[in-house]
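What follows is a single structure, written as structure tokens, with notes after it.
A short reminder: the numbers here are calculations on the coordinates, not readings from a lab. Bear in mind that the values here come from a model prediction, so they are computed numbers and not experimental data. FYI the Cβ positions are ideal-geometry reconstructions off the backbone, even for glycines, and counts take in every protein chain you see.
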Amino acid sequence: MDQTSGRMNWVFGGTIAILAVTAALSVALKQDRKVYMDARAPAAAPTAQLPENHPPLDALNRAATLAEMSRNDPANSEIKVQLGNAYYDAGLYQEAIHAYEAGISTRTQDPEMETDLATCYHYTGQHDKAIEILNRVLQRSPGYAPALFNKGIVLQNGKNDARGAIAAWEELLRVNPGHPQKAELERRIRELKSASR
């Protein structure tokens, strides 16, 4: 009975040791693997313990990974654009501007990226530069909804130009009558018009 009990303890102990080594290797391998995520993936990191206004951890992690990738492949404009998106998602707008500007040098006429770049300029208080970029986008892509929407925001909030904001949003609703934020835009237009009477 003692020999059988001793063998069972030995087998049990060996099994536990193998499971522990397997778990440790699994964790180590997962930590070494870099994951490239699309910059527009939804935020999944818990933010309950983060200080107020702290950038989302998943966006910061993506930015760190993409910054390393950009250093290793400096000619790759797609990585720079994705890095700009990660900084944008993290609320690091000045860093996003640098990444987008580096990406735009080889990737011109990308209305989505340029609209995001203009938004970053707006968030950093450079409203004239934001309007300049949005006008350039709209010259090449008339009726591009995100540019018209953001132009209205910049004109209203950054330039204090209610008439300009109304014109941008009315143009947006004219070319895109089914816009998902139609009711909100109509409400803003009504408020701006009544405030200017």
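Can you find, within the range 162-196, the residue that is nearest to the chain's Cα centre (by Cα) among those that are within 17 Å of residue 137 (Cα to Cα) and surrounded by fewer than 18 Cβ atoms within 10 Å (Cβ to Cβ)?
Taking the candidates together, the pick is 176.
Against the condition surrounded by fewer than 18 Cβ atoms within 10 Å (Cβ to Cβ) and in contact with a Lys or Arg (Cβ under 8 Å, 6 or more places away or on another chain), how does residue 135 come out, does it pass?
On the way: surrounded by fewer than 18 Cβ atoms within 10 Å (Cβ to Cβ): yes; in contact with a Lys or Arg (Cβ under 8 Å, 6 or more places away or on another chain): yes.
Yes; evaluated as a whole, the condition is true for this residue.
Taken over the range 86-102, the criterion of being surrounded by fewer than 24 Cβ atoms within 10 Å (Cβ to Cβ), part of a helix (DSSP H, G or I) and either in contact with a strand residue (DSSP E or B) (Cβ under 6 Å, 6 or more places away or on another chain) or not small (Gly, Ala, Ser) (or both) is satisfied by 89, 93, 94, 95, 97, 98, 101. Checked against (1) over 17 Å from the mean Cα position of the chain (by Cα); (2) of a type outside the set (Lys, Arg); (3) surrounded by 19 or more Cβ atoms within 10 Å (Cβ to Cβ), residue 105 passes all but a single condition, namely (3).
Report yes if residue 168 is touching a Gly at 6+ places or on another chain (Cβ under 7 Å), in a helix (DSSP H, G or I) and among the aliphatic types (A, V, I, L, M), otherwise no. Against the criterion (touching a Gly at 6+ places or on another chain (Cβ under 7 Å), in a helix (DSSP H, G or I) and among the aliphatic types (A, V, I, L, M)), residue 168 qualifies. Have a look at 151, 159 and point out the one that is in contact with a helix residue (DSSP H, G or I) (Cβ under 6 Å, 6 or more places away or on another chain), surrounded by 15 or more Cβ atoms within 10 Å (Cβ to Cβ), over 21 Å from residue 110 (Cβ atoms) and of a type in the set (Lys, Arg). None of the others qualify; the one that does is 159.
Looking across the range 127-164 at every residue that is part of a helix (DSSP H, G or I) and of a type in the set (Gly, Ala, Ser), the one that is farthest from residue 117 (Cα to Cα) is identified as 162.
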